[in-house]
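Data block below; observations after.
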Amino acid sequence: MIKLKSDTTYIWGKGVVYYSLTLLIMIFLVKVTLVQALFLSMISLIFYLLINMIYAFSFNVESNTIEITNQLRPYYKEVTAFEDINSIEVKGVINKGITLAIDFKHKSKKYFAVTGISKEELEEIVEVFRTYKSGNMNPKEDV
């Protein structure tokens with residue numbers, strides 16, 4: 001069984017910094033009331049977190065299925081069997097991070113960006129998938 005979880009502390013930490021900066025700018029430069037500044041700063045934090053949702057995917061591989069969840073979207077969960085996947089590959093984008101690209105048989109290719117998961121850890125998922133596709137793994141065998 002492989003469990004890889006994105007580290008969202010960096011995203012939350014950066015969000016709090018942006019929230020604080022927005023709050024200070026609103027209070028001292030824009031000259032709004034404290035309540036308005038708090039409200040506008042909270043909106044900027046929410047927008048920041050919404051934009052960075054794409055970097056918070058986590059993966060759980062067991063019994064020849066892959067479960068994909070997003071830590072910033074608690075109701076997002078996608079479970080797919082290896083037999084419904086054409087290919088899995090790890091892609092790295094400069095200044096953007098690491099992405100796991102999954103090509104589904106009956107859906108379009110999807111890219112899942114991660115934070116705090118190394119390329120080598122994602123390669124473990126690719127190796128398990130390749131082992132399954134080559135036929136060396138029993139379908140009932142646990143990873």
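Bear in mind that the values in this text are calculations on the coordinates, not laboratory data. Fair warning: this is a prediction, and the values are worked out from it, not measured in the lab. Don't worry about glycine lacking a Cβ; one is built from the backbone with ideal geometry, like all the others, and counts go over all protein chains shown.
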Checklist entry - Stretch Arg130-Val79 to full length: gain in nm at 0.36 nm per residue minus the Cα-Cα span? => result 16.5 nm
Checklist entry - Can you give the three extents of the C-alpha atoms in segment 9-52 along their principal axes, from longest to shortest, in whole Å? => result 30, 14, 12
Next on the checklist: Give me the one-decimal Kirkwood hydrodynamic radius in Å for segment 55-138, with the sum taken over alpha-carbon pairs.
Outcome noted: 13.2
Item to check | Burial ordering of Ser41, Ser108, fewest other beta-carbon atoms within 10 Å first | outcome: Ser108, Ser41
Next on the checklist: With every atom except the alpha carbons ignored, what do you get for Rg and Dmax of the chain, in angstroms?
Outcome noted: 19.5, 67
Checklist entry - By how many nm would the segment from Phe39 to Lys3 lengthen if fully extended, with 0.36 nm per residue of separation less the alpha-carbon distance? => result 9.2 nm
Checklist entry - Order of 62-73, 29-40 by packing, highest average Cβ count within 10 Å first? => result 62-73, 29-40
